[in-house]
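**Student:** Dumping the structure here so I can ask a few things about it.
What follows is calculated from the coordinates using simple rules that are stated; it is not laboratory data. Remember, predicted model here, so these are calculated numbers, not experimental data. For neighbour counting, all protein chains shown are included, and Cβ atoms are generated from backbone atoms with ideal geometry for every residue, glycine included.
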């Protein structure tokens, strides 16, 4: 190594491994010059990386790179009592994980402990570097969603919370950033006014500290409150190896004598040498008259002839014990989550909450011919209402490129008319009526179509009016495949499609230009654009996971795709089955959700899943469904307890029908699922096992946008099933509602988080 690398002495080590260990024992050392002939190395402290170097025959340059944060410590502990003295050398590898709540430990001792600790800590630190201005990242950088953070610091923190993120596009106007995972560094980028590209580099810092502590203890009482402690300890003892270097000889030049010991055996000579600082070899009189310890600057030592003597030297270094200990103590709090009102990895999201705004990026739209927003959407919020005869739709003039790339468009629609001879535009971009220059998502002949103009995927399912549908249009550029999903299930796939090549054109939602505008007739809600090909499992979840309340992101937040947030009344967060859950402790405790059109649709399948822990016996409502927000009107306890504490799953056909399970134990977590389909009727599962079923039956729903109440019926009386109306006392966690019948395997998976 050359400039900017300070030499830190010389070590006559025989192997590269010895050189590296020697460097790590020296504060600030981050590289070595190693003599490949085995004559040792020079440790260095380099100010630049990789180090500068100059030609030198027979030498190699080795430098340290950084990985995970590690701590290396050497600890010597001496304990003195009045009864016992013990000396031991142990090689131990220990990994332990301890989970504790609050513990009180009382210890009585009569000992004095002296502890000397030397610690060297090497830490990898992340450094953000501005790569480009007036630009965003281009090829080889995958987008990981969008965060509307107001500062660059927020953007960087958001990136670090996402696995694989190593760069961000930041809007200098303060409107947020897009985290990226880049395969090359520095990232490629393209011009974009008002944006900057920032990427992560890494550096290291080294800290060395020595601490000596003497403690005399008679009685101590320690109270520690923790949730989780993880400790990994590795102790290694290095054994010394003595090698006979020469016979009929003693050591010569470069070996300083350290006195004489009239020891009678070679073993005594070696022990005597080890007791002297710096000793690494001995001259031993084979006649048993003792030895001379030596400190040699070269290895193996030089020697000269001497009858009756032998030269012995140490090969592995001085006797040392190295202990590496990493200790992490974590107090569990709310599971990390990001509360946003849009899908995490989407490019654009039009919630239709009384406007045509894009909640994520810059593709906000403008309404044409005054369409309205109606407060009866798929999640109980607003939805876009379009009247075909008034030629109403949304236009987005900002160009978005779909050229030679994958994408997914998802939306909920509710057609109020369905003419098999009409073309109803849903989403599109028009450049010209030429193959692969005309992008269209539409209903044609009462069936969905994903079209690049003459290069199309045509659904085989005929649609009906006055029904909610979830539709996903997916284009996978890598396989050149167009796929249409209806209500989460693949309907059609067309290979050898595209790619789309349209280089201009506005986006329209709710209409399409073909011999004039071809608008939709009905409701459109929750339109989402992803610039990737979504997986079948993601689309199934988007279409059928109606709501999911884990309670790990706060008491009201819905982690499901529809963001149906809840309202708590005399309910508090507490330790749940997974992370946090809800605690119901009073007669006025309940948790309420509003906005479920699927539960208001007759014969529509559904599934309800939750974890519960009872704290009292008797009856009570677990899941109450009603057409009114006060729990009244059309109402039924879909899940609850009998007066004796039996778990019950119910539904309503021509009358209330129950599946009655066993009495659930107090203070024990139990996983409960009820499912419904007209084929199987109501099924009740406990801890993943099927308990009972009604068999085939119908479901006569309210026909309204329903309310779901957890932990109470609120209404004094509702229906005539076996559940005793009233408050549930205990804990509830991981509430999920699906708009489909879960399979037995899916229920088992939910019961084993």
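**Student:** In the range 490-526, whose amide N lies under 18 Å from the spot 7 Å out along Cα-to-Cβ of residue 435? List them in ranges.
**Tutor:** Residues 494-503 qualify, since their backbone N sits under 18 Å from the label point.
**Student:** Still on this model: Want the number for residue 744 to residue 267: 0.36 nm per residue separation, take away the alpha-carbon distance, what's left?
**Tutor:** 164.6 nm
**Student:** Please list log₁₀ I(q)/I(0) at q = 0.08, 0.09, 0.16 Å⁻¹ for the range 348-534, using the Debye equation with identical point scatterers on the alpha-carbon positions.
**Tutor:** -0.21, -0.27, -0.93
**Student:** Same structure again: Any chance you could run the full-extension gain for residue 461 through residue 556? It's 0.36 nm times the residue separation minus the Cα-Cα distance, nm to one decimal.
**Tutor:** Once the chain is fully extended between residue 461 and residue 556, it gains 30.5 nm.
**Student:** Please state, as a whole number in µm²/s, the translational diffusion coefficient that the Stokes-Einstein equation yields for the range 242-319 at 37 °C and 0.692 mPa s, with Rh defined as the Kirkwood radius across alpha carbon pairs.
**Tutor:** Rounded, D is 277 µm²/s.
**Student:** Could you give the distance between the Cα centres of the range 702-753 and the range 434-459, to the whole Å?
**Tutor:** Measuring centre to centre over Cα atoms gives 41 Å.
**Student:** Just to confirm my numbers, what's the Cα centroid distance between the range 485-555 and the range 354-399 in Å?
**Tutor:** Each part reduced to its Cα centre gives a spacing of 15 Å.
**Student:** So between residue 142 and residue 248, what do we pick up on full extension, going 0.36 nm a residue minus the alpha carbon distance?
**Tutor:** 30.9 nm
**Student:** Let a ≥ b ≥ c be the square roots of the eigenvalues of the Cα gyration tensor of the range 543-750; is it rounded (a/c under 1.5), or, if not, prolate (a/b larger than b/c) or oblate?
**Tutor:** It comes out rounded by the Cα gyration axes.
**Student:** Quick check on the range 5-63: take the gyration tensor over C-alpha atoms, sort the square-rooted eigenvalues as a ≥ b ≥ c, and tell me if it's rounded (a/c under 1.5), prolate or oblate.
**Tutor:** Cα axes put the range 5-63 in the oblate bin.
**Student:** Can I ask one more? Viscosity 0.890 mPa s, temperature 25 °C: Stokes-Einstein D of the range 497-656 from its Kirkwood Cα radius, in µm² per second?
**Tutor:** 125 µm²/s
**Student:** Can you tell me the order of 175-181, 583-589 when each peptide is scored by its average per-residue count of other Cβ atoms within 10 angstrom, highest first?
**Tutor:** 175-181, 583-589
**Student:** Cβ neighbours within 10 Å, averaged per peptide: list 394-405, 697-708 in order, most packed at the top.
**Tutor:** 697-708, 394-405
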